[in-house]
Amino acid sequence: MWGGVAVLLGGMIMPDCARADDMAEIRAIHAEMRRLEAKVQQIEARHGGAQNAQHMPASRTLRSGGRASTAWTAPSPSGQITAMPDLSRLVIGGPALSDDAQAAAAAENTMTESIIPSQPKLDLDSSSPLAITQTGVDSLPPVFRIGGVSVRLGGFIDFSNIYRSKNLTSGPATSWGSFPYANSPNAHTGEYRPSAQLTRLSVLLQGSPTKDETLSGYIETDFGGAAGTANSYQTNSYTPRIRQAYMTYSNTKWGFHVLAGQAWSLTTGYTQGLLSRHEQLPPVVDNNQIPGIVFTRVPQIRFIKDFGRKWWLGLSLEAPQVAYAASGSSSDHPMLSGTDDDILASSGTRILYSNAGSGMLNPNAKYSMDVAPDIVLKGALDTKPAHYEIYGLARWFKAMSQSATGGPIRERVSFAGGVGGDVTVHVIPRFLQFTGNVLAGEGIGRYGPGMLPDATFKANGTPAPIPEIIGSMGLIGHPTPNLLVYLYGGVEHAGRRTYTGTDGYQYGYGVNDLSLSSCNVEMITGGSCDAQTHTLADLTVGGWWHVLQGGYGAVMTGVQYTYLRKFAYKGGDGASPTTGGNTVYVTFRYLPFQ
């Protein structure tokens, strides 16, 4: 019966092969099928080839109207082999014209294969970095089609066990800049947080109007949201949220690509090219990455031009947001408190730099007053041994100021930004990869997981971008197809941006006349500590073991350890507060689509 269904489905989606202009496509598809068959044989050979073949379901080719249609077989409860339909050819609603050509074009345009055919790749198995960080949805076959649109599903069920040596009261996204000093009781106890919030689902929709063009839509969500009613008492009802949601247009003939929606920032490093879902994300478990990695995940519109798929040029206009720091802090002298409407004690200037959300924004969060999008211009080069990137970042900060005695309200705008670069080197092709990134400039704290501040203020209320540098290096090893190991080191550093007020005290960020001895005074109620962080440094080591894989999906388990150290600027009393902590993850994932 199933064999008849497969034949019927094959006939329903049969293209008109008689047209001469389709013959070239058909030959290309046949060549791709032969290539994929050879790749399957290579993978089977690595996993035991003939021995494993005894336990794998047989397959056969059915024909309908002169067209091959593949169906796979599976054992019935009685042990008899029964033909099953190929659901990747299921069509819902409307004719599916040239589906195979569409799928081939989509694979070509979205770079699901290596951009440079001779370039070595690590992401050949589901225990690869891209499969772990991006769900590997591009490499999966369509589950079904809706008219001329293919639908691919990706994602995993995640259960993470998190232990931190200091209590941050943080879920599976570590607040790296919040490790407490000794004055806090939370610095003297650890925390254990089991969580399923990182469970993820992704959907990739693709259609090809022509053999050179592809339209795509990608949605990725997890359960990292925490509504006002979310808690961990009884039901742990944490809410779904947008990780990524964007549309793309690619034209391989022109080498032109457009992205619009929420995605990883163009400042993020890439494994090859500059196209989405090829980001060089560390294969770590923590949802906030690790200090030193450069990224945001925000709404944007991006334009990419490739030149022979070797040279790349990208321009991205991305949603802005500014994290302001206090303008000084000590019980000895007043300071900017961080509310919407504040007075700079050094000059008596009143400023407004943020507002509470309304409409569909979070009313409990503060949103900066933005002038223009963050602009990223990046160039990249793909070679056989390595991938290189260099980029520039431009930002604008705005605040409103007025004299405390009255007078006109003035708009104060400052320019910020920096330059950065990324590199990925295939040290030992297929087995060892080196990756590094750096971003240096002013007002770039938002782009690091440590969330150091972007800016403070001058005496007249003008935003003062803080000089900063963010960087990391890492090694990713793939000793066997079932094992991935990694080692990363990262740093985020914020420089000084201060001025002396009319009262003789320093204001801004990185001031050195604060009283900080109380940061080391242990108090069960929590003492006062106005330390300003200048450096976050971390060392992370971990690995993933590919436990099982088959027609039932894949099962992986991961272990990760991170050591973090936080350093503050020295106070006027000679105190130099410092703290640190350890984080351990033990994670289990089921990837049903891989």
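The values are calculated or read from the model by the stated rules, or taken from the named source; none is laboratory data. As the structure is a computational prediction, the values presented were derived from the model and not from experiment. Cβ coordinates were reconstructed from backbone atoms using ideal geometry, including for glycine residues, and neighbour counts include every protein chain displayed. Each accessible area value is taken on the protein alone, full model and side chains, heavy atoms only, with ligands, DNA and RNA left out. Shrake-Rupley method; radii C 1.70, N 1.55, O 1.52, S 1.80 Å.
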Completion exercise
Filtering the range 561-577 down to residues that are open to solvent by 10 Å² or more (accessible area, probe 1.4 Å) and hydroxyl-bearing (Ser, Thr, Tyr) yields Tyr561, Tyr563, Tyr569, Ser576
Problem - Qualifying residue in the range 142-153 (condition: within 23 Å of the chain's Cα centre (by Cα), within 30 Å of Ser528 (Cα to Cα) and open to solvent by less than 30 Å² (accessible area, probe 1.4 Å)) - result: no
Practice task
Inspect all residues belonging to the range 244-266 and state whether any of them is open to solvent by 10 Å² or more (accessible area, probe 1.4 Å) and farther than 27 Å from Val376 by Cα.
Solution key: no
Completion exercise
When (1) open to solvent by 10 Å² or more (accessible area, probe 1.4 Å); (2) within 28 Å of Lys384 (Cα to Cα) are applied to Thr462, the one that fails is (2)
Problem - Filter result for Gln560 (part of a strand (DSSP E or B), farther than 28 Å from Ile293 by Cα and touching an Asp or Glu at 6+ places or on another chain (Cβ under 9 Å)) - result: no
Exercise for the section: Collect the residues in the range 554-584 that are more than 30 Å from Pro481 (Cβ to Cβ) and touching a Gly at 6+ places or on another chain (Cβ under 7 Å), keeping them in residue-number order. Expected result: Leu564, Arg565, Lys566, Tyr569
Exercise for the section: Answer yes or no as to whether Ala459 is more than 23 Å from the chain's Cα centre (by Cα), among the small types (Gly, Ala, Ser), under 16 Å from Gly510 (Cα atoms) and in a strand (DSSP E or B). Expected result: no
Problem - Verdict on Ala380 being in contact with a Phe, Trp or Tyr (Cβ under 7 Å, 6 or more places away or on another chain), within 22 Å of Trp264 (Cβ to Cβ) and surrounded by 15 or more Cβ atoms within 10 Å (Cβ to Cβ) - result: yes
Fill in the blank from the handout: Flagged in the range 296-346 as modelled with pLDDT of 65 or more, open to solvent by 40 Å² or more (accessible area, probe 1.4 Å) and of a type in the set (Asp, Glu), in numbering order, are none
Problem - Checking Thr239 against (1) modelled with pLDDT of 95 or more; (2) of a type outside the set (Asp, Glu); (3) out of contact with any Lys or Arg (no Cβ under 7 Å at 6 or more places or on another chain); (4) open to solvent by 20 Å² or more (accessible area, probe 1.4 Å), the condition it does not meet - result: (1)
Completion exercise
So the strands (runs of 3 or more DSSP E) completely within the range 358-417 holding 3 or more residues that are over 26 Å from the mean Cα position of the chain (by Cα) and touching a residue at least 12 places away in the same chain (Cβ under 8 Å) are 386-403
Fill in the blank from the handout: Going through the range 160-202 in order, the residues found to be within 19 Å of the chain's Cα centre (by Cα), open to solvent by less than 40 Å² (accessible area, probe 1.4 Å) and not small (Gly, Ala, Ser) are Pro172, Thr174, Trp176, Gln197, Leu198, Thr199, Arg200
Completion exercise
By residue number, the members of the range 227-236 that are open to solvent by 80 Å² or more (accessible area, probe 1.4 Å) and among the small types (Gly, Ala, Ser) are Gly228
Handout entry: Residue count for the range 480-501, restricted to those that are farther than 21 Å from Phe567 by Cβ, open to solvent by 10 Å² or more (accessible area, probe 1.4 Å), in contact with a strand residue (DSSP E or B) (Cβ under 7 Å, 6 or more places away or on another chain) and part of a strand (DSSP E or B)
Key = 5
Handout entry: Filter result for the condition that a residue is in contact with a Lys or Arg (Cβ under 6 Å, 6 or more places away or on another chain) and under 22 Å from Gly171 (Cα atoms), over Leu536, Leu564
Key = Leu536
Practice task
Take Ser216 and decide whether it is touching a helix residue (DSSP H, G or I) at 6+ places or on another chain (Cβ under 8 Å), open to solvent by 10 Å² or more (accessible area, probe 1.4 Å) and outside any loop (DSSP other than H, G, I, E, B).
Solution key: yes
Practice task
Being under 21 Å from Tyr324 (Cα atoms) and either in contact with a helix residue (DSSP H, G or I) (Cβ under 7 Å, 6 or more places away or on another chain) or in a loop (DSSP other than H, G, I, E, B) (or both) is the filter; apply it to the range 517-542 and report the residue that is most open to solvent (accessible area, probe 1.4 Å).
Solution key: Ser528
Exercise for the section: Quickly run through the range 129-165 and pick out the residues that are at negative phi, of a type in the set (S, T, N, Q) and either in contact with a Lys or Arg (Cβ under 8 Å, 6 or more places away or on another chain) or at pLDDT 90 or above (or both). Expected result: Gln134, Ser150, Ser160, Asn161, Ser165
Exercise for the section: Specify which of the listed residues (Gly508, Gly580, Gly558) is open to solvent by less than 10 Å² (accessible area, probe 1.4 Å) and over 24 Å from Ser165 (Cβ atoms). Expected result: Gly508
Practice task
Collect the residues in the range 236-246 that are touching a residue at least 24 places away in the same chain (Cβ under 8 Å) and under 15 Å from Trp264 (Cβ atoms), keeping them in residue-number order.
Solution key: Arg243, Gln244, Ala245, Tyr246
Exercise for the section: Would you check which residues across the range 184-213 are part of a loop (DSSP other than H, G, I, E, B) and not basic (Lys, Arg) and list them? Expected result: Ser184, Thr189, Gly190, Ala196, Gln197, Leu198, Thr199, Ser208, Pro209, Thr210, Asp212
Problem - Residue list for the range 464-479, filter: of a type outside the set (S, T, N, Q), touching a Phe, Trp or Tyr at 6+ places or on another chain (Cβ under 8 Å) and part of a strand (DSSP E or B) - result: Ala464, Pro465, Ile470, Met473, Gly474, Leu475, Ile476, Gly477, His478, Pro479
Exercise for the section: Please state which of the following conditions Pro172 fails to meet, knowing it meets all the rest: (1) assigned to a loop (DSSP other than H, G, I, E, B); (2) over 21 Å from Phe588 (Cα atoms); (3) touching a residue at least 12 places away in the same chain (Cβ under 8 Å). Expected result: (2)
